[in-house]
Amino acid sequence: MPHAPAFAMNGVTVRFGGITALDAVDLEVPRGRVLGVIGPNGAGKTTLFNVACGFVTPAEGSVRRDGQPLTGLKPHHLPRHRMARTLQGLGLFERVSVLENVMVGADRTATSGFLSSLLALPRSAADERRLRERALTTLDELGIADYADRVPGSLPYAIRKRVALARALVGEPELLLLDEPASGLSDEEMESLGDLILACRERMSVMLVEHHMDLVMRVCDSIVVLDFGRVIAHGTPDEVREDPAVLAAYLGDEVDRTAAEVPR
Amino acid sequence: MATSSALPVRAWRRVWSGTGSRHLLLALLGLLAVIVYVEAASDFRNLQFAAFGYLGIAAGGLTVLTGLNGQLSLGHGAFMAIGAYTTALFLDDGSPVVPLLGVLVVATLVTVLAGALIGAAAARLHGPYIAGATLALAVGVPGIALHFSDTLGGEQGLGVVAPPVPVWLLDLDYFFTGRDLTPSRYLSYVVWVCLIVTFVLLANLSRSRVGRRWRAVRDDDVAAEVAGIHLGRARVSAFVVSTACAGLAGAVMALVVRLTAPGGYTLTLSLTLLTAVVLGGLGSLWGALIGAGLLSYLPQLATNVGESLGLDQTRAAELAPLVYGAVMIAVILLAPTGIAGAVRALRARRTARAERPPPQTTESTVQQGEMSR
């Protein structure tokens, strides 16, 4: 199916006990495009992401990737489907080097098994070399190759955030899920993050959840607005900005709150 | 980058930068050191050395589980017991049907089987719950020997008759040393060859993608899962590898101790292993070895020092737990990452000082960083 969207949800419903966290959500991420998911706190954005990566199985509805249904998706299947996700916090492996953090993200491309690792066979050594090179290339692309030997804890927050991004990008995903990539960044850092996301668009599709409206409006091709688990608006940034339902439910109120938000 | 350096230097770098070749080289050096010590030391010292060796094997396995994968096991003594009883069942009289190597392999495999079962259960548990489950194992497994006292010897345990020294080894040893290889020396060799092989394999794993996945799961399981790592598989594999070591350690311990009885595999043994691993530095194989050495020799050393200071025997013997406690407190206060961790930190600080101003990051500095671990 050449024209199937990179990622799509149809009528996805998730219930936690009596609460409906997502109510018949439809959305699409066309290839090479950036879809933003916004909404007030508790609107269901995180649940939506958790459905997309298999942490939560929807009660109803389907999730498709390139037109193929992702039934029984588990989080560790993501690389297999050429998907990568960054986590809301950092989720870095704190006691291994930056380089090895990123090498974990490239693990999908390695083929050596347990036995060749146990016996340090040439195949295992070749894999290691390749993973290391790949990881270094990605670190270099993101301008953080200088920190390859350091452990994440010793680095500034913005750099760590980039390491997390490098770990997601190194596996060459076709669909990148970014969960609040700008949280804790300064305006300047957010600016360069925006450039990065726009550059990613050439190689992959992106879905992002974000509170910072400046960033969302700048990088997204289209935006889905959630409120109480339902899609209340869907369109280009300009359309969403003007949508009265959005303004009423969310935007005006949330922008004020975002401006006052203290970086974590 | 090495164009100007001489050939031997280049060859050395080549050996040292390859994971497998470096570990083999270290193993060879280790073997040499072991040969020198075993030949020079008395029979009594050799038995002590062998005891150090089997503790080291088990500690190496535990440091992989706890240090690299973050699973705490309070029950590794029980896995040693499984290895030891399997060995004892094979070697209960002087006429072994299976060669020693075969016995060791079978003992390890039996323990691996038990480890896979427990590991599959443990992989679903977290933190204190794994500790609790494995604690139950440490308490429960020796009880099995009491329950099936007909086959497993009950409280008295099973005697173990170590197979005779193979003729080729006797001849070889005689050729070089001009005297007969005593059974104690032989056992010392058996234990330490097992240790070296085990450590090479563990080091290989640790430096491969298997080890990296274990670390990733230890540090952040959600992030590891999203990166494509099957959490259960990673946890169970670490558990199985670790129990294999414990099983082998138990098997050679049975040979050295010549008796396998429940009293030898109490909770104390499990806790001793954990202490060794924490003292030495979690996750470090060198640390596991250092920790096992400390626990094997420290009590004896303290007693000897006490006696030479003029204390009577009873009082000198009481010195051992005191010194043990003092060392424990000192390590926790001064080197919370264990002895190996402290050494690593010291070395990192020294290279950082030597390399200032900060180096431009090239591949060579990366490799150095890799090696210094």
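Computed values, structure above
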read-out: Projected label distance in nm at B:L32 and B:A6, using a 7 Å step from Cα toward the beta-carbon; value: 1.8
read-out: Efficiency of FRET from Cβ geometry, B:T177 and B:R14, R₀ 41 Å, rounded to 0.05; value: 0.75
read-out: Under-5 Å amide H pairs with A:R230, H placed in peptide plane, nonlocal only; value: A:D23
read-out: Difference of contour (0.36 nm per residue) and Cα-Cα distance, B:V98 to B:L298; value: 68.3 nm
read-out: Span-like helix ranges in chain B, DSSP H, alpha carbon extent 30 angstrom or more, Kyte mean at least -1.0; value: B:19-40, B:100-122, B:183-206, B:231-257, B:285-308, B:313-334
read-out: Contour minus Cα-Cα distance for B:R349 and B:Q313 (0.36 nm per residue); value: 8.5 nm
read-out: Positive-end residue, the stretch B:2-266 charge dipole about Cα centroid, Cβ charges, pick of B:L201, B:L89, B:W214; value: B:W214
read-out: Average accessible area per residue (Å²) across chain B - probe 1.4 Å, nucleic acids and ligands excluded; value: 48
read-out: Rounded FRET efficiency, nearest 0.05, which uses the C-beta distance separating A:R123 from A:R80 and R0 of 22 Å; value: 0.55
read-out: Extension gain (nm, one decimal) between B:A121 and B:S42, 0.36 nm per residue minus Cα-Cα; value: 23.9 nm
read-out: Relative contact order computed over the stretch B:109-249 (Cα-Cα under 8 Å; 6+ residues apart), in percent; value: 40
read-out: Expected 222 nm ellipticity per residue - DSSP helices of 4 or more, -39500 (n - 2.57), all of chain B, to 500; value: -25000 deg cm²/dmol
read-out: Relative contact order for chain B, counting Cα pairs under 8 Å that sit 6 or more residues apart, in percent; value: 28
read-out: Under-5 Å amide H pairs with B:L259, H placed in peptide plane, nonlocal only; value: B:V160
read-out: Max mean-square fluctuation residue, GNM over chain B, Cα-Cα springs under 10 Å, options B:A292, B:A81, B:A330; value: B:A330
read-out: Amide proton proximity set for A:R150, modelled H, under 5 Å, gap of 5+; value: A:V98, A:L99
read-out: FRET efficiency, 1/(1 + (r/R0)^6) with R0 22 Å, evaluated for B:V222 and A:E60 via beta carbons; value: 0.30
read-out: Where only C-alpha atoms are counted, convex hull volume of chain B per residue in Å³; value: 185
read-out: Counting DSSP beta bridges with both ends in the protein assembly as shown, the antiparallel % (nearest 5); value: 55
read-out: Whole-Å distance, taken between Cα centres, linking the stretch B:300-327 and the stretch A:1-76; value: 67
read-out: Ranking by accessible area, most exposed first, for B:L62, A:L247 with a 1.4 Å probe; value: A:L247, B:L62
read-out: Gaussian network model of chain A, Cα within-10 Å springs - most flexible of A:M207, A:M217, A:M83; value: A:M217
read-out: Point-to-point label distance, A:H3-B:S149, nm (Cα→Cβ direction, 7 Å offset); value: 8.3
read-out: Among B:N204, B:N304, B:N46, residue whose mean-square fluctuation peaks in a GNM of chain B (springs only between Cα atoms under 10 Å); value: B:N304
read-out: Base-10 log of normalised Debye intensity for the protein assembly as shown (one unit scatterer per alpha-carbon) at q = 0.10 Å⁻¹; value: -0.97
read-out: Antiparallel bridge percentage (DSSP; both residues within chain A; nearest 5); value: 55
read-out: Separation of the B:L333 and A:S186 label points, Cα + 7 Å toward Cβ, nm; value: 4.2
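The values are calculated or read from the model by the stated rules, or taken from the named source; none is laboratory data. Just so we're clear, the structure is a prediction, and the values are computed from it rather than from any experiment. Note: ideal-geometry Cβ built from the backbone for every residue, glycine included; neighbour counts use all protein chains shown. Surface accessibility is based on the protein's heavy atoms, side chains included, excluding ligands, DNA and RNA. Shrake-Rupley method; radii C 1.70, N 1.55, O 1.52, S 1.80 Å.
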